[in-house]
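These notes concern the structure reproduced below.
The values are calculated or read from the model by the stated rules, or taken from the named source; none is laboratory data. Because the structure is predicted, anything quoted here is derived from the model rather than measured. Here the Cβ positions follow ideal geometry from the backbone for every residue, glycine too, while neighbour counts run over all protein chains shown. Only protein heavy atoms, including side chains, enter the accessible area calculation; ligands, DNA and RNA are left aside. Shrake-Rupley method; radii C 1.70, N 1.55, O 1.52, S 1.80 Å.
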Amino acid sequence: MSDRSSISHRGPSRRTVAKAAALGAAGVLTGAWRASAADVTVTQLGPRTYDLGVPSAALGRTAPVRIILPTSYAAQPDRTWPVLHLLHGAHDNYTSWTRETDIEAFTAGQDLIVVMPDGGPTGIPTRWLSGPDYETFQLQEVPAVLRSGYRASTVQAVAGVSTGGYGAMAHSARHPGTFAAAASYSGIPDTTVTRMPTIVEGIVGRERLNPLSLWGDPTANAATWQDFNPLTHANALRGTALYVSVGSGSLTGGLDTILALAQLFSGGIDSLLPGALESLVAPSTESFVNALGQLGIPANQHLYHGGGHQWSDWKREFTTSWPVLAGALGLPV
């Protein structure tokens with residue numbers, strides 16, 4: 001939408017900025033600092049949709065967050081609302097869900113808040129070894145703003161595409177009980193399965209960032225890679241409603257895969273067609289689903305033939321997963 005009327009241009013107060021700077025890393029680790037609703041800039045995009053600028057100590061900057069409020073939000077001023085977090089993928093941003101899907105129309109009449117937080121250029125919402133802490137931003141700072149300023153409840157679900165699918169499973173597995181449901185569409189829920197570290201490093205490198213700044217070297221820092229791997233903490237997902245999907249893509253294996261990997265190494269992620277990229281990331285979800293099965297953890301899964309690493313598939317998968325997400329949020333299915 002091009003018409004953007006500003007409700008408030010108030011930026012972070014000097015006191016807030018000074019406090020964040022003073023706390024620094026210690027404040028992030030202890031969770032001692034939170035942006036209050038008064039420190040957040042708000043720009044209205046539509047009747048229910050707003051962009052927030054959230055001052056973040058975890059990121060060291062003010063980061064964008066898009067929210068969609070319930071249709072009856074103003075009419076029920078004493079009510080709190082469950083929250084659906086939607087995470088974007090690599091080389092995209094927090095606007096992707098409203099740009100690529102009909103999420104605004106889809107949630108019209110639904111009693112929930114939809115939040116789409118910034119996950120950085122790689123869309124890997126983690127605590128970087130040398131860099132920002134998107135995990136704290138998405139799990140602590142953003143919910144604090146929603147609860148203090150937008151009457152959000154503690155009932156939450158999370159879903160994401162691609163690296164956002166990694167985030168959905170990582171957040172839920174590393175912080176059990178935070179989300180009642182989690183959904184991954186073409187995600188990377190096992191970051192250490194064959195070839196996956198190379199692909200993850202390629203995603204980071206595509207943004208001209210040092211791949212070692214994520215979790216370090218996959219071999220020398222194997223413990224760190226495992227700690228941030230959703231599969232490592234899969235047992236903690238017991239009791240969380242899960243939906244996991246991925247396509248087989250367009251590669252037939254063997255020489256096809258070797259050529260695609262060579263293309264990835266020489267030309268980067270952008271050089272791959274959606275079907276080829278889907279084939280390369282599919283083993284991550286397959287490994288994750290197998291691990292859940294071995295643990296006896298139920299999951300709604302859709303491992304389908306063909307498909308691509310693209311929104312045309314993810315929109316369908318979101319719709320299919322909606323009963324899982326809605327049911328966990330206490331909404332009618």
(request) Collect the residues in the range 35-49 that are surrounded by 21 or more Cβ atoms within 10 Å (Cβ to Cβ) and either assigned to a loop (DSSP other than H, G, I, E, B) or modelled with pLDDT of 95 or more (or both), keeping them in residue-number order. (result) Ala35, Val40
(request) Would you point out which residue out of Asp111, Asp78, Asp92 is acidic (Asp, Glu), touching a Phe, Trp or Tyr at 6+ places or on another chain (Cβ under 7 Å) and either closer than 22 Å to Gln310 by Cβ or not in a strand (DSSP E or B) (or both)? (result) Asp111
(request) Name, by its number, the condition in (1) open to solvent by 10 Å² or more (accessible area, probe 1.4 Å); (2) on the phi > 0 side of the Ramachandran plot; (3) of a type outside the set (Phe, Trp, Tyr) that does not hold for Ser186. (result) (1)
(message) Six or more apart or on different chains, Cβ atoms under 7 Å: show the pairs whose first residue is in the range 229-244 and open to solvent by less than 30 Å² (accessible area, probe 1.4 Å) and whose second is part of a strand (DSSP E or B).
(response) Thr240/Ala181; Thr240/Ala182; Leu242/Ala182; Leu242/Asn300; Tyr243/Ala183; Tyr243/Asn300; Val244/Ser184; Val244/Gln301
(request) Those residues that are of a type outside the set (A, V, I, L, M, F, W, C), over 21 Å from Ala291 (Cα atoms) and modelled with pLDDT under 95, I need them from the range 191-210; list them, please. (result) Thr198, Glu201, Gly202, Gly205, Arg206, Glu207, Arg208
(request) Take the residues in the range 261-273 that are exposed (fewer than 14 other Cβ atoms within 10 Å of the Cβ) and not small (Gly, Ala, Ser), then tell me which one is modelled with the highest pLDDT. (result) Asp270
(message) Which count do you get for residues in the range 115-141 that are in a helix (DSSP H, G or I) and more than 10 Å from the chain's Cα centre (by Cα)?
(response) 5
(request) All but one of (1) over 23 Å from Gly247 (Cβ atoms); (2) assigned to a helix (DSSP H, G or I) hold for Arg99, so report the exception by its number. (result) (1)
(message) List pairs: first residue in the range 67-89 and within 17 Å of Pro332 (Cα to Cα) and of a type outside the set (Gly, Ala, Ser), second residue open to solvent by 20 Å² or more (accessible area, probe 1.4 Å) and modelled with pLDDT under 95 anywhere in the structure, Cβ distance under 6 angstrom, at least six positions apart or on different chains.
(response) Thr71/Gly109
(request) For Ala276, work out the one condition from (1) modelled with pLDDT under 95; (2) buried (at least 19 other Cβ atoms within 10 Å of the Cβ); (3) under 21 Å from the mean Cα position of the chain (by Cα) it doesn't fulfil. (result) (3)
(message) Suppose we keep only residues that are of a type in the set (A, V, I, L, M) and in contact with a Lys or Arg (Cβ under 9 Å, 6 or more places away or on another chain) within the range 281-313. Which one would you say is most open to solvent (accessible area, probe 1.4 Å)?
(response) Leu295
(message) Residues to consider are Ala168, Ala144; find the one that is part of a helix (DSSP H, G or I), closer than 14 Å to Gly187 by Cα and hydrophobic (A, V, I, L, M, F, W, C).
(response) Ala168
(request) Taking Gly60 as the residue in question, decide whether it is of a type in the set (Gly, Ala, Ser) and surrounded by fewer than 19 Cβ atoms within 10 Å (Cβ to Cβ). (result) yes
(request) State all residues of the range 307-333 that are among the hydrophobic types (A, V, I, L, M, F, W, C) and touching a helix residue (DSSP H, G or I) at 6+ places or on another chain (Cβ under 9 Å); if no residue qualifies, say none. (result) Trp311, Trp314, Phe318, Trp322, Leu325, Leu331, Val333
(request) Taking only the range 204-224 into account, find how many residues are open to solvent by 10 Å² or more (accessible area, probe 1.4 Å) and either charged (D, E, K, R) or within 19 Å of Gly120 (Cβ to Cβ) (or both). (result) 11
(request) Scan the range 191-203 residue by residue and report those that are in a loop (DSSP other than H, G, I, E, B) and open to solvent by 10 Å² or more (accessible area, probe 1.4 Å). (result) Thr192, Val193, Thr194, Arg195
(message) Scan the range 157-176 and tell me whether some residue there is surrounded by fewer than 24 Cβ atoms within 10 Å (Cβ to Cβ) and either more than 24 Å from Asn235 (Cα to Cα) or among the β-branched types (Val, Ile, Thr) (or both).
(response) no
